[in-house]
Structures are given as C-alpha cells and as structure tokens.
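Take a look at the structure set out below.
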Amino acid sequence: PFSLLAIERGVLSAWSRHLLPAPPDWPPSAAPLGFWTLPADAGLTLPADVVGYLSAGDRPVLIVLDDLCQPDAIRMARAIAEGLRTIHQRGLLMAARSGLAPGLITDCLYVVDRIHLSITMPQVSAVFHQGSIDAIAAALTAGVPQLVRPATEAERFWADRLMRLGVAPEPLDRLAPRRLADALNRSIARTSAAERLYGRLRDEDGIRATIARLEQAHMVRG
C-alpha cells in the first residue's frame, strides 16, 4: 500500500493540503508540503507583445492548451474565440507546439507559444485548462478561478477537487462556443471563492518545506 511506502521511504507531496489533505493513515513525514512555485522575485518576465496585450484592455481569460496538432488547434481556437466574443471577454491562448502562429488571430484572442504561468495568472480574470497540476497550482496561488476540460483520469480527479472547493464549475465535457461561454461565466463568478482560498495558501512555501524535510531525512539517516 502507498501508506507503507510513505512510512518506509518518505514522500515529497508537492501540493497544498488545502487542495488535497493527506489520508489519515499517512505519517506527518508524508504530509503535503505545498506547491513548488517560484517566488515573486525570481526575475521572470513576459514578452513585450504579451505585456502590451494584457495592458490594452480588461483582464483576459487565460487558455492553456498544450500539445495540440494543428487542425485541432485551429478548430479549438475558433470555438474559443466565438465563446469569448459571446460574453464580451478577451482571451490569451497558450498553445505550445500547436502550430498556431503567435499574435492576434481574432479581435478577442491572442496566441502565444509559452509563457510563465506564475507571472501571468495575477493578470487574468480566469484560466481554462486541461487539469495539469502546474496550471492548478499557478491559479490557486494567484487567487484565480478555473475551468477544466479534463482528458485523463488524473485530470478528472483534480477537476473534481477544484469543483468541490468552489473555485471551478463542473468540468467542461465538450468544447462548443455556447457551452464554453456559459462555463466561463460560472467560473468568473467564483472569483471570491478563489481569492478566499488563496488567503489560506499564501503563507505556504512548498520549496522551503521540501528542503527542510530533505534535510531532516538526511539527519535521521546520517
């Protein structure tokens, strides 16, 4: 059982206990440490064109859809743009390795290849993603509501946790413009809940806690 592995070898659980508490049979040495996020003074920057787009209007919705083949990326970008236009929202689409050319592809959707999530999240109104833990961590630690379109069991698990915490609506099962528009409205309506959860997360330092646990384990085994 995983609980025995946690006791015998130790576990570095890189998520917040506020997202997922440890099971009752886990020892304190295996408790969640908090997210491994970079500090605010890490020196990360955004490309000038992205900075310009962010400052050119209301906070956009961030859409994170990686590893799409070009035909799917084009189809999804069109559906996303139509959904955003329906609710009068702008969008910033991060679609790395999708073949989409960076830049403004419609009046309300700007495409980038890859940007640092941790410095982008505080500048957006919501984030629509597939359920990766890095996107979840970046959104939670910025107080940003989320919308998830999961494809794997792990992504469905995290989407369910976010919904139970009140920071995301029910997962999106199909990317149709009207469904996306309605779901994004429900997501943005959860901004206050996301900000309250951020208030509980803001004092966690997962990297520092991880270093301390590693040092303690080294001392015990040494």
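Assorted remarks:
- Only listed residue being open to solvent by less than 80 Å² (accessible area, probe 1.4 Å), under 27 Å from residue 45 (Cβ atoms) and of a type outside the set (Ser, Thr, Tyr), chosen from 165, 140, 175, 180: 140
- Restricted to segment 104-125, and to residues there that are of a type outside the set (A, V, I, L, M, F, W, C) and more than 18 Å from residue 58 (Cα to Cα), the residue that is most open to solvent (accessible area, probe 1.4 Å) is 114.
- Within the option set 62, 84, being under 18 Å from the mean Cα position of the chain (by Cα) and within 21 Å of residue 188 (Cβ to Cβ) holds for one residue only, 62.
- Residue list for segment 1-55, filter: at pLDDT below 90, part of a helix (DSSP H, G or I) and surrounded by 13 or more Cβ atoms within 10 Å (Cβ to Cβ): 3, 6, 7, 29, 30
- When residue 107 is tested against (1) within 29 Å of residue 36 (Cα to Cα); (2) in contact with a Lys or Arg (Cβ under 8 Å, 6 or more places away or on another chain), only condition (1) is not met.
- Qualifying residue in segment 197-220 (condition: in contact with a strand residue (DSSP E or B) (Cβ under 9 Å, 6 or more places away or on another chain), among the hydrophobic types (A, V, I, L, M, F, W, C) and either closer than 18 Å to residue 128 by Cα or surrounded by 13 or more Cβ atoms within 10 Å (Cβ to Cβ) (or both)): no
- Filtered residues of segment 56-90 (kept if part of a helix (DSSP H, G or I) and in contact with a helix residue (DSSP H, G or I) (Cβ under 7 Å, 6 or more places away or on another chain)): 79, 80, 82, 83, 86
- Entry remark, segment 143-161: residues being closer than 20 Å to residue 189 by Cβ and surrounded by 18 or more Cβ atoms within 10 Å (Cβ to Cβ) number 8 in total.
The values are calculated or read from the model by the stated rules, or taken from the named source; none is laboratory data. Source: prediction; values computed, not measured. Backbone-built Cβ (ideal geometry, glycine too); neighbour counts: all protein chains shown. Quick note on the areas: whole protein, heavy atoms, side chains included, nothing else; ligands and nucleic acids left out. Shrake-Rupley method; radii C 1.70, N 1.55, O 1.52, S 1.80 Å.
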